[in-house]
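Working notes, structure below.
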Amino acid sequence: MNKLIHEMPKNSRELVRFTLSTFKGKRYLDVRTFITPENGGEMLPTKKGLTLAVELYPTFKQALAEAERVMVEEGVLDVEDLQSPAF
């Protein structure tokens with residue numbers, strides 16, 4: 001079972017997809033780069049990505065919060081950049 005959670009453009013030919021999946025009865029969050037083939041057609045997954053057991057998500061989320069804090073401290077991100085866009 002794969003459930004697409006979110007996708008975002010990486011560049012003009014690539015997307016990053018967040019997918020909740022199940023493999024051998026275990027749940028995973030997969031964050032993977034997909035590319036458009038040169039001949040067109042359906043987007044294909046690449047080896048670039050991260051597959052994380054759902055149990056590790058709280059620690060992953062904490063690490064992202066820490067990364068965000070450091071990027072703001074270092075001036076590579078503005079707090080305004082972190083505001084969620086309206087959907």
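Give me the residue from the stretch 44-87 that is of a type in the set (Ser, Thr, Tyr) and touching a residue at least 12 places away in the same chain (Cβ under 8 Å) and, out of that set, farthest from Lys26 (Cα to Cα).
Residues of the stretch 44-87 that are of a type in the set (Ser, Thr, Tyr), as a first pass: 46, 51, 57, 59, 84.
Imposing the further condition that a residue be touching a residue at least 12 places away in the same chain (Cβ under 8 Å) reduces the set to 46, 51, 57.
Values: Thr46: 22, Thr51: 12, Tyr57: 14 Å.
It comes out as Thr46.
Pick out the one residue from Thr22, Thr51 that is under 20 Å from Asn2 (Cα atoms), of a type in the set (Val, Ile, Thr), more than 15 Å from the chain's Cα centre (by Cα) and surrounded by 12 or more Cβ atoms within 10 Å (Cβ to Cβ). Full working, then the answer.
Values: Thr51 fails: more than 15 Å from the chain's Cα centre (by Cα).
The match here is Thr22.
All of the numbers you see were taken from the coordinates with simple rules; none came from a lab. The structure displayed is predicted, hence computed values, not measured ones. For neighbour counting, all protein chains shown are included, and Cβ atoms are generated from backbone atoms with ideal geometry for every residue, glycine included.
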